[in-house]
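Single-structure report; data block below.
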Amino acid sequence: MNTVKTYMLLAALTALLIGVGGALGGRSGLVIALGMALVMNFVSYWWSDTIVLKMHHAEEIQPGDARELYAMTQGLAQKAGIPMPRLYLIPDQSPNAFATGRNPSKGVVAVTEGLLRALNRDEIAGVIAHELAHIAHRDTLIMTVSATIAGAISSLGQMAMWASMFGGSRHDDEEGGSPIGGLVAMIVAPIAAALIQMAISRSREFLADRDAAVYTGNPVALANALLKIEGWSHRVEATEGSPAMAHMYISNPFSGGGLAKLFSTHPPTAERVAALEALAVRR
């Protein structure tokens, strides 16, 4: 069901992009904005792992550095049907983890020092399995596609805003939209695109939780890990990364309350835990 929802949301993003282009008129602007977004996301897709790891000051874990963690990951990767990913350690006391890499053969799993200290073996296995599920699902590709479309919509809105400020107008040979349509494109469409993109990210988290429970055979351990990570996030501030990378983590360390929840990249922890507990009951 979540897979169908993901593709429906991607289709909605595409339809929104086409609608914004029609509302603003200028086809050349649409082409330029989409081209810019494609270039930015092409760079992100091919070199995101290197960029992100450097931003987190992560160091690669060799087999001899953490034999138990390495062996655990290797066994779970076999169950996930993917090659053994590279492992990295992030010098951050806030417990968390993320996966990156453009495909399973280039997969990377990074964990924080805080995660290894705060969680027990079964809980760490659940977190590792969750990240391996993201790699197996090629979620990096899905999120890159959604980011490309959302970025194009945002760029169009910004172009329209600057054009209106400096007296820009449509060419006579281009189809024009109504002033209201242009206003919607400038203000509402980028917000709608962000909301849809966040919804795609949230649907992928449920899928990764489900498959992680299959890989480990222990849904409750992952549920406990999520609760611990969320609890620690309120006490220990993340020192690496930034809110722009929130969608990568197993649990958003930068989340806030109020309106911020609307733009959350992750489902509420309580919902994820409830789904995992339901899986445990059915086993």
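The values are calculated or read from the model by the stated rules, or taken from the named source; none is laboratory data. In this text, all values refer to a predicted model and were calculated from it rather than measured experimentally. Heads up, the Cβs are rebuilt from the backbone with ideal geometry, glycines too, and the neighbour counts pull from every protein chain shown.
Residue pairs, Cβ under 9 Å, 6 or more apart or interchain, first in the stretch 224-240 and in contact (Cβ under 8 Å) with a residue 12 or more places away in the chain and over 15 Å from Arg117 (Cβ atoms), second β-branched (Val, Ile, Thr) and part of a helix (DSSP H, G or I). List them.
Correct list of pairs: Asn224/Val273; Leu226/Val127; Leu226/Thr269; Leu226/Val273; Leu227/Thr269; Leu227/Val273; Glu230/Thr269.
List every residue pair whose Cβ atoms sit under 6 Å apart, with the two residues 6 or more apart in sequence or on different chains, where the first one lies in the stretch 118-135 and is at negative phi and the second, anywhere, is part of a loop (DSSP other than H, G, I, E, B).
From residues that are at negative phi, the pairs are Ala118/Pro95; Asp122/Asn218; Val127/Ile250; His130/Ile250; Ile135/Ile82; Ile135/Gly107.
Filtering the stretch 114-138 down to residues that are within 19 Å of Ser44 (Cβ to Cβ) and surrounded by fewer than 24 Cβ atoms within 10 Å (Cβ to Cβ), which residue is modelled with the lowest pLDDT?
Step one: filter the stretch 114-138 for residues within 19 Å of Ser44 (Cβ to Cβ), giving 131, 134-135, 137-138.
With surrounded by fewer than 24 Cβ atoms within 10 Å (Cβ to Cβ) added as a condition, the list becomes 137-138.
Details: His137: 90, Arg138: 86.
Per the criteria, the residue is Arg138.
Is there a residue being closer than 18 Å to His137 by Cβ, over 15 Å from the mean Cα position of the chain (by Cα) and surrounded by fewer than 17 Cβ atoms within 10 Å (Cβ to Cβ) anywhere in the stretch 88-100? Write out each step before concluding.
In the first step, residues of the stretch 88-100 are kept if they are closer than 18 Å to His137 by Cβ; the result is 97-100.
Those left that are additionally over 15 Å from the mean Cα position of the chain (by Cα): none.
Scanning the stretch 88-100, I find no residue that is closer than 18 Å to His137 by Cβ, over 15 Å from the mean Cα position of the chain (by Cα) and surrounded by fewer than 17 Cβ atoms within 10 Å (Cβ to Cβ), so the answer is no.
Considering only residues that are farther than 15 Å from Arg204 by Cα and either touching a residue at least 40 places away in the same chain (Cβ under 8 Å) or outside any helix (DSSP H, G or I) (or both), which ones fall in the stretch 274-283?
Here is the first cut: in the stretch 274-283, the ones farther than 15 Å from Arg204 by Cα are 274, 277-283.
Once the filter is applied, which keeps residues that are farther than 15 Å from Arg204 by Cα and either touching a residue at least 40 places away in the same chain (Cβ under 8 Å) or outside any helix (DSSP H, G or I) (or both), the stretch 274-283 yields Glu277, Leu279, Ala280, Arg283.
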